[in-house]
Amino acid sequence: MSEIKELNKTKELKEQLFFKPDHIQKFIGAEKQGEANHFSEGYKTFLSSCKTERECVDYIKSEAQKNGFREFDRDGKYKPGDKFYYANRNKAIVIGTIGQKNPEEGLSILASHIDSPRIDLKPRPIYEKSELCYFKTHYYGGIKKYQWTALPLAIHGKVVKKNGEELTLKIGELEDEPLFCITDLLPHLADDQMKRPFSKGIMGEELNLLVGSLPYLTDSGETSDSADLVKLNILKILNDKYGLVEQDMVTAEISLVPIFKARDVGFDRSLIGAYGQDDRVCAYASLMSHLKLDIPTYTALTVFADKEETGSEGNTGLESFFFEFFVEDLASKMGANFRKVLANSCCLSADVNAAFDPSWPDAFEKSNTAMLNHGAVVTKYTGSRGKSDTSDATAEFVYKITTILDENKVAWQPGMFGKVDTGGGGTVAKYIARLNVDVIDVGVPVLSMHAPYEITSKLDIYMLNQAFEAFLRRGK
Ligand code: MN
Ligand code: MN
């Protein structure tokens, strides 16, 4: 008898003292699972149609407009409940809703990114070699290059033609359109390739995109100039179909992305497989939570940034002053001191983290790694090598955010980027922190992050959306 009592006491004490982020299913019912499944349907549609930052900006702008957001007017007047958007070069966008409190009491900021790792074309991409036509490429973001060969790819891009006419390209997504592919060497002849170090299995200059194989033929079938006839044929097709000449590719932004559509993964359909979930999962969840906002207590800004995957540099990334200047303009319009606004603001850097992968346990320290289906991941710091290249949220701020999550029954778990000194990664958090804003990373765990096909959990995504909703409603 006393032994059972002792056992119960130990169990009770453990429950009281231990921290154990649990599987979400343990505390949400079938109804929530249904809501999670429903939420993921909209998310999958978004993923399948928005594969570049420009496509995301178009989508976000149009959803914002449908929900009563108007283009930000630097000469306009704003009052609580007013909704606006500000697009930066069609590659980054901010949406906002004015809150009840004076902005000097701080903003609620959600910051995600809408660019994903991919393959871009070089400025002079087209060439012919051994009667085949190719595009030269330069990869964008941190990829394992071998994953991008022997894979069906679509071309997405923006071209400004010599005559100034703008052209949006999307070729390869529809069944009856051609697609494109980077070839790899057959295993039968790959003895030398297989002896290379893994990181050099496929080299940057071997990522060449196959775009055609037939030569240009004159009506008579004869020509005195037989050089580069396959290249000529491809350029002729591009000219007939899109009015392009070779020089137009020099000015263009053209990217290659996997053609896959987002699909359910697993017999239980609990997971989502798709390209570009880092970080469109946070972009979508933050957009949906912001669109639902009525009049928040604190003015809400949701920023969707470009260039995170290449270090947030450039005038559409968060290292640029564009966001800071925008907040400054907004503050001055509302008669608020910009520095006070920033100093009192709170931000969730909405980005994904690595999910524990049981096939690669040695890369992770399990108790500090996020698990699929255990909820939104709260990442105090990212970076690498002794907490370098990261902001590190204060105890007070981590308390503030996790309390909001707990009070709103949002399942969350702490996360880290793998074992100490195995590598690392970063997010936009440090660029927001530079503005003297309190910031912490909140996202979902992802398997195969940065691969052409990434995997997330529907329950986690639903919890992330609940986390963002709770954050934007804070103070209510
Ligand atoms: Mn990311
Ligand atoms: Mn990333």
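Bear in mind that the values in this text are calculations on the coordinates, not laboratory data. Only a predicted model underlies this, so the values are computations on that prediction, with no experimental measurement involved. Methodologically, a virtual Cβ is constructed for each residue, glycine included, from the backbone with ideal geometry; neighbour enumeration extends over all protein chains shown.
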Dipole moment magnitude, nearest 20 debye, region 13-78 about Cα centre, only Lys, Arg, Asp, Glu C-beta charged = 140
note = The FRET efficiency for Leu189 and His138, from their Cβ-Cβ distance with R0 = 22 Å and rounded to 0.05, is 0.25
inquiry  = Could you give the length gained by full extension between Leu7 and Lys241, i.e. 0.36 nm per residue of separation minus their alpha carbon distance, to one decimal place?
reply    = 76.6 nm
key: Over region 333-454, volume per residue of the alpha carbon convex hull, in Å³   = 132
query = What dipole magnitude, in Debye to the nearest 20, does region 285-391 give about its Cα centre under +1 on Lys/Arg Cβ and -1 on Asp/Glu Cβ?
reply = 460
request  = Give me D for the chain in µm² s⁻¹, whole number, from Stokes-Einstein with Rh from the Kirkwood sum over alpha-carbon pairs, 10 °C and 1.306 mPa s.
outcome  = 66
ask   = Between the helical axis of 30-49 and the dominant principal axis of the chain, each derived from Cα atoms, what acute angle in degrees is found, rounded to the nearest 10?
value = 30
query = How large is Rg/Rh for region 1-93, to two decimals, with Cα atoms and a Kirkwood Rh?
reply = 1.32
key: Of all DSSP beta bridges in the chain, antiparallel share, percent nearest 5   = 70
note = With DSSP loop assignment and no more than 16 other C-beta atoms within 10 Å, the GluC sites (Glu not before Pro) in region 87-168 are Glu131, Glu165
key: Per-residue ³J(HN,Hα) for region 446-456, Karplus 6.51 cos²θ - 1.76 cosθ + 1.60, θ = phi - 60°, Hz, x for Gly and Pro   = 10, 8, 6, 4, 6, 7, x, 9, 10, 10, 10
Helix-only [θ]222 nm of the chain, DSSP H runs n ≥ 4, -39500 (n - 2.57) each, per residue, nearest 500 = -9000 deg cm²/dmol
ask   = What list of ³J(HN,Hα) couplings, whole Hz, do you get for region 50-62 from phi and the Karplus terms 6.51, -1.76, 1.60, once you set θ to phi - 60° and write x for glycine and proline?
value = 10, 10, 10, 4, 5, 5, 5, 4, 4, 5, 5, 4, 5
key: Alpha-carbon Debye profile of region 301-402, log10 I(q)/I(0) at 0.10 Å⁻¹   = -0.41
note = For the chain, whose charge dipole is built from +1 on Lys and Arg Cβ atoms and -1 on Asp and Glu Cβ atoms, the candidate among Phe180, Pro103, Leu256 with its Cα farthest towards the positive end is Pro103
query = Full extension from Ala395 to Glu131: what is 0.36 nm times the residue separation minus their Cα-Cα distance, to one decimal in nm?
reply = 88.8 nm
key: Charge dipole (region 301-456, unit charges on Cβ, about Cα centre) - positive-most of Ser388, Leu405, Phe323   = Leu405
request  = Go through region 192-263 and name the trypsin sites (Lys or Arg not before Pro) that are in a DSSP coil and have 15 or fewer other Cβ atoms within 10 Å of their Cβ.
outcome  = Lys261
message = With 10 angstrom as the radius, rank Arg385, Arg473, Arg339 by how many other C-beta atoms surround their C-beta, starting from the fewest.
response = Arg385, Arg339, Arg473
Distance in nm between pseudo-label sites at Thr402 and Asp75 (7 Å out along the Cβ direction from Cα) = 5.1
task = Determine by what factor the alpha-carbon radius of gyration of region 249-367 differs from 2.2 N^0.38 Å, reporting the quotient.
result = 1.41
key: Cβ-placed point charges (K, R +1; D, E -1), dipole of region 32-182 about Cα centre in debye, nearest 20   = 460
message = For a quick check: with amide H placed at 1.01 Å from N, whose amide H comes under 5 Å from Ile143's, ignoring anything fewer than 5 positions away on the same chain?
response = none
task = Return one number: the angle in degrees, 0 to 90 and rounded to the nearest 10, between the long axis of the Cα atoms of helix 2-17 and the longest principal axis of the Cα atoms of the chain.
result = 60
request  = Give the residue from Gly212, Gly201, Ile237 lying farthest towards the positive end of the charge dipole for region 193-254; charges sit on Cβ (+1 for Lys and Arg, -1 for Asp and Glu) and the dipole is referred to the Cα centre.
outcome  = Gly201
query = DSSP loop chymotrypsin sites (Phe, Trp or Tyr not before Pro) in region 306-367 with at most 12 other Cβ atoms within 10 Å of their Cβ, which ones?
reply = Phe321
In degrees, nearest ten, helix 395-407 long axis to first principal axis of the chain (Cα) = 90
